[in-house]
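Right, one structure below, let's go through it.
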Amino acid sequence: MMRLLLVTGLLVSFPAASWAELALPHFFSDHMVLQRERDAAIWGTATANADVTVTLKDQRVTTHADAQGRWRTTIPTGKADGNGTQLTVASGDDQQTIRDVLIGEVWFASGQSNMVFTMNRVPEYQSVIAKADYPQIRMFNAPTVTSVEPKTDIDGQWTICSPETASGYSAVAFFFARKLQQELGVPIGVIKSAWGGKPVETFTSREALTSLPQTRDKVDAAIKADASFDLQTANAAYQKRLEQWNTAVEKRKALPPDQRGRQPRKPSPPKRPLNTEGQPGVLFNSMINPFVGYTLRGAIWYQGEANAKPGAIPYDITLPLMIRDWRQRWDDDFSFYFVQLANFRDPTTEAGSTDPWALLQDRMRRILQTTPKTGMAVINDVGEAKDIHPKNKQAPGERLARWALAKDYDRDLVYSGPLFQSEHVSGDTIEITFDHVGEGLRSRDGESLNRFEIAGDDRVWHWADAKIVAPNRVAVSSPDVSKPIAVRYAWASNPQGANLVNSEGLPTSVFRTDQWDDVEPAATTSARAAQNPRRQIAEKIQALKQKRNQLQPGSEAFREVSRELNESLKTFRSSAPKATSK
């Protein structure tokens, strides 16, 4: 079944024809990197029922195009080779020659804006860029595009890492690739396909999303909104908004500079919901599916900011769903390493935070326990309070590389920050045992350990005293809690002062030993029960917004939908569950 899904995914959308020019997807092109020591998949289209021969060095394989002209084969790649060779594909009188092909390690890089974030956005990286003469590193940058149906090709080209090209590379992917290349001494290829500000559900196929009740609701809402979309009406409304925007821009220009305020946002042309970035499955169709089957070692992922919201479907459900989806379609349980969200927003000073940021970070940690061959780079020491895009991208890139070096290349090194392992209550103290401590736990700054919280059965959180009592253990207590039952660490969107690290200086992940519901937006059973009606209201709001966008501003229909939308918004807000103190 997995093999059938893979072949179907690779071949869907190729045009049927009795005669067709030999064609390959854009990523089979000059300067590409093929995965070493594997049978690398190659595919494309040719004349229906024609033979297709693929040659790489001394290896040659012949396959047969089907009745629609679609073909797929694999070819052994052998050991790593950084000298550059040719890959030829021939069918009848047609032949395509791909030049400067390297054999090495291939990784897929995806996510949202922190994966998109390029080297040239950090002034301090100018010296790094100037020295980035690494011909053994290659990167394929996919454009940001959308699609209603799964695609099998996407624009883009492979580039050789140099001071001229590195400035436009994903900074996380660059530092990841550089670390691997320096340590392994083999060519590294990275396929980067990412889009900023988008939730994990858009990178997951709609087929996979419909397999779970929580995510199926999102798909159903998008399909419903798409069914009522009228492009002509939407375009008319867009033109009206565009005229209003132009008028506002001209009025702003006429004002003195100190009175202009912010430039109004230019309206975007309308798109049907199932072709709109961010909607369920849309970016899977356009930016993931084209690469399905490309032979690689693994994937790196930096995303989650768009899912760190109250009431969001738990991330330890949605990300594992996407990982399973990708692995099934690739027919390969490849390694998958992700970046835990960085610290962000103003630091907190009170214990007992209910910020969804920390909740999502902890759910990321839990994925390590439930989803095989995953790893997590902890970066709660590099974030910026006022910027969701921390400039330090070397730390996450190289920390991801640590996981790969240890797990995929058998290097003996400390590859993770300390992770919660177990707890033991003894009187007024709880001892926490950690994994991944290296030669032992320590305080980063030499000061007392900070950001530990402790609570008893009243579930009231207090800042705790924490001391390292063994290489892998910390004792946590508080004079305010005589009978503790739970501990949390770094539980805030910005846990400033969190300073527990291992011998390599890698930071400890956020964790909690409890399963209490005081971290959830809905803190009571009745509140949780209210989520289904609220979800229905939320879906209605989205549908009304889509409908209003198609209407002429100022028209009676526009005003009527606006009134209904406002009433729905009031109902949604008034039904928000209230957390209870315990």
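The values are calculated or read from the model by the stated rules, or taken from the named source; none is laboratory data. Given the structure is predicted, the values throughout are model-derived calculations rather than measurements. For neighbour counting, all protein chains shown are included, and Cβ atoms are generated from backbone atoms with ideal geometry for every residue, glycine included. Note: accessible area is taken over every heavy atom of the protein model, side chains too, but ligands, DNA and RNA are not part of it. Shrake-Rupley method; radii C 1.70, N 1.55, O 1.52, S 1.80 Å.
Whole-Å semi-axes of the stretch 220-279's equivalent ellipsoid, largest first, each the root of 5 times a Cα gyration tensor eigenvalue? Each step should come with its number before you reach the end.
Details: eigenvalues 210, 34, 8 Å².
Semi-axes, largest first: 32, 13, 6 Å.
L231 sits with roughly 90 Å² accessible to a 1.4 Å probe, with DNA, RNA and ligands left out of the calculation.
Would you mind calculating the relative contact order of the chain from Cα pairs under 8 angstrom and at least 6 residues apart, reporting the percent as a whole number?
Working: 1307 pairs, mean separation 74.4, N = 582.
Across the chain, relative contact order equals 13 percent.
Leaving out ligands, DNA and RNA, and with a 1.4 Å probe, what % of the accessible surface on the chain is carbon or sulfur? Solvent-exposed carbon and sulfur of the chain make up 47 percent of the total. About its Cα centre, the chain has a charge dipole of approximately 1600 debye under the convention of +1 per Lys or Arg Cβ and -1 per Asp or Glu Cβ, with nothing else charged.
Can you tell me the relative contact order of the stretch 419-512? Whole percent, Cα pairs under 8 Å, sequence separation 6 or more. Present the calculation step by step, with values, prior to reporting the outcome.
On the way: 217 pairs, mean separation 32.3, N = 94.
Relative contact order here is 34 percent.
Please give the FRET efficiency for N235 paired with W516, using the beta carbon to beta carbon distance and R0 = 51 Å, rounded to the nearest 0.05. So the FRET efficiency works out to roughly 0.50. Ligands, DNA and RNA aside, K79 has an accessible area near 150 Å² when probed at 1.4 Å. Across the stretch 83-125, the residues whose backbone nitrogen lies under 19 Å from the label position 7 Å along the beta-carbon direction of V61 are 85-92, 96-99, 101-107. With the simple spin-label model, which puts each label point 7 Å out from Cα in the Cβ direction, the S562 to T53 separation comes to 7.0 nm. A convex hull fitted to the Cα coordinates of the chain yields 188 cubic angstrom per residue.
What is the stretch 419-512 by shape, rounded, prolate or oblate, if you read a ≥ b ≥ c off the alpha carbon gyration tensor as root eigenvalues and call it rounded for a/c under 1.5, prolate for a/b larger than b/c, and oblate otherwise? Walk me through the numbers on the way to the answer.
Working: a/c = 1.88, a/b = 1.47, b/c = 1.28.
Here the stretch 419-512 falls in the prolate category.
Summarising the label geometry, the points placed 7 Å from Cα in the beta-carbon direction at D333 and E384 lie 4.1 nm from one another.
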